[in-house]
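Novice: Could you have a look at this structure, given as structure tokens, before my questions?
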Amino acid sequence: MRLVHINLLQPGMKLGKRIYSEEGLVLLSEDVELTSRLIGRLKDLGVGYVYIKDAATEDIIVPEMLQEETRRKALVEIKQQFQSMSGLKTKNQIPHFGKALSGVMNAILEDIGSQKEAMIMLMDMNSSDFDLYNHSLNVCVYTLVLGVASGYTRQQLMEIGLGALLHDIGKTQIAPEILHKPSRLSDEEFKIIQQHTTYGHRILKDEPGIPLLSAHCALQHHERIDGSGYPFGLKDKEIHEYAKWIALADSYDAMTTNRVYKQALLPHQAVEVLYTGSGTLYEQRMLEKFRDCVAIYPVGISVKLSTGEVGVVASIHSRVPQRPLIRVLKDADGQTLSSPYEINLLTALSVMITGVEGVDDTPSAAQSLQVES
């Protein structure tokens, strides 16, 4: 299986993974043969990358951060609980949901704990658009990987995990026409969106089964260490460490997920953008830990090498994710090889990845950081 940019799709290719809509519905099933019409439809929907099957990569397995059943149950529960409080304005109206979401957290932690060395791998490459439920789950999973890598206890993982899962719950109190506006927000609309942090804190702070620190995550995840964030303009040590981790995961997922007005960045591009905020928006040590936990070149993606060859990421070295194992499929002249071979970048130190096939590898950092998650 390999991950192909939408512009490189050709009729006759077979899907390697299902493609989902923003509601979580299956748009196209695995093994569907693509036609010109279907490819055009995927482009219209904003899908950026598609997993396909072919003989040269049939043995390459794309790892999943969560089991499919865990992800499905988590999304059902998140959607149900978020929708149950949509538009509710008084504390007495808000239902109790701490117990249900604690169960979700336990299942997610079990999946992450079962992996020998969990890494942050993209979870939504085959989705058509950003949505609140998938975003909440993605940020939760990414944050938990960072928490595990930081040596957090089970209790701390539950606190930060629930905080990450519920960091945007205040958006249930924002008018849908503003929350789902398919273009850039006006200054006034952005001020309304910013209120989701205080709404979220209000919802969570007295909720049974939700730690108070988790409520602070909802309140502080848009604060930045130079004081440029909101709602209070807190600086550095005034911001809880949990909220700082969630801020990174939140920004990363926002940049690597499709929007109706903006195509997703690839992991290595998003990490590059995050580093432009080192020492101002995010702590340097946290960025370094984040970088070391991210599979910046997803398994299956087609990459260009400094030798001129093109290959597919076959596997990732968890301790040095920037130097994966590459299966070379095309020579320096662009000709498809009859006998592909592999280069281990961990030992072939003179060979570098120079880009991703079919992708402009120079994103605008300033533009990307303006994404409102």
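The values are calculated or read from the model by the stated rules, or taken from the named source; none is laboratory data. On a predicted model such as this, the values are computed, not experimentally measured, just so you know. Virtual Cβ from ideal backbone geometry, glycine too; neighbours counted across all protein chains shown. Accessible surface is based on the protein model in full, side chains and every heavy atom, while ligands, DNA and RNA are left aside. Shrake-Rupley method; radii C 1.70, N 1.55, O 1.52, S 1.80 Å.
Novice: For each pair in LYS43/LYS262; LYS17/LYS181; LYS191/LYS262; LYS17/LYS53, compute the distance between the two Cα atoms and list the pairs where it is over 18 Å.
Specialist: Listed pairs above 18 Å: LYS17/LYS181; LYS191/LYS262.
Novice: Same structure again: Charges only on Cβ, +1 for Lys and Arg, -1 for Asp and Glu: so what's the dipole of the chain about the Cα centre, in debye to the nearest 20?
Specialist: Rounded to the nearest 20 debye, it is 480 debye.
Novice: Another one. Counting only C-alpha contacts under 8 Å and six or more residues apart, can you give the relative contact order of the chain as a whole percent?
Specialist: Across the chain, relative contact order equals 15 percent.
Novice: Test of understanding: given the chain, find the longest segment containing no chymotrypsin sites (Phe, Trp or Tyr not before Pro) that are in a DSSP loop and have at most 15 other Cβ atoms within 10 Å.
Specialist: 1-231
Novice: Ignoring any ligand, DNA or RNA, what whole percent of the accessible area of the chain comes from carbon and sulfur when the probe is 1.4 angstrom?
Specialist: C and S atoms contribute 51 percent here.
Novice: I've got another one for you. Calculate for the chain the 222 nm mean residue ellipticity that helices alone would give, adding -39,500 (n - 2.57) per DSSP H run of length 4 or more and normalising by residue count, nearest 500 deg cm²/dmol.
Specialist: -11500 deg cm²/dmol
Novice: ILE301's amide H: which non-local residues (gap 5+, or another chain) put their own amide H closer than 5 Å, with H modeled 1.01 Å from N in plane and none for Pro or chain starts?
Specialist: Sorted by chain and number, the residues that satisfy this are LEU3, VAL313.
Novice: Percent antiparallel among DSSP beta bridges with both residues in the chain, to the nearest 5?
Specialist: Given both bridge residues lie in the chain, the antiparallel proportion sits at roughly 85 percent.
Novice: Let me have the relative contact order for the stretch 205-252, percent, based on Cα pairs under 8 Å that are six or more residues apart.
Specialist: With pairs under 8 Å counted, the relative contact order is 29 percent.
Novice: For the pair LYS116 and SER306, what calculated FRET efficiency results from E = 1/(1 + (r/R0)^6), where r is the Cβ-Cβ distance and R0 = 41 Å, to the nearest 0.05?
Specialist: 0.85
Novice: A further question follows. Roughly how many Å² is the accessible area per residue of the stretch 143-243, as a whole number, for a 1.4 Å probe?
Specialist: Each residue of the stretch 143-243 exposes 43 Å² on average to a 1.4 Å probe.
Novice: Can you list residues whose amide H is under 5 Å from LEU27's amide H, if they're 5+ apart or on another chain and H is modeled 1.01 Å from N?
Specialist: ILE19, TYR20, SER21
Novice: Within 10 Å, at most 15 other Cβ atoms, and a DSSP state outside H, G, I, E, B define an exposed site. Report the longest part of the chain free of exposed GluC sites (Glu not before Pro).
Specialist: Result for the longest clean stretch: 118-371.
Novice: Here is a further query. Using a Förster radius of 30 Å, what is the FRET efficiency between GLN80 and ASP31 based on their Cβ-Cβ separation? Nearest 0.05, please.
Specialist: The computed FRET efficiency comes out at 0.45.
Novice: Taking the solvent-accessible surface of protein heavy atoms with a 1.4 Å probe, what is the per residue accessible area of the stretch 1-46 in Å²?
Specialist: Dividing the accessible area of the stretch 1-46 by its residue count gives 56 Å².
Novice: For GLU188 and GLN335, calculate 0.36 nm times their separation in residues minus their Cα-Cα distance, and state this gained length in nm to one decimal.
Specialist: Contour length minus Cα-Cα distance gives 47.6 nm.
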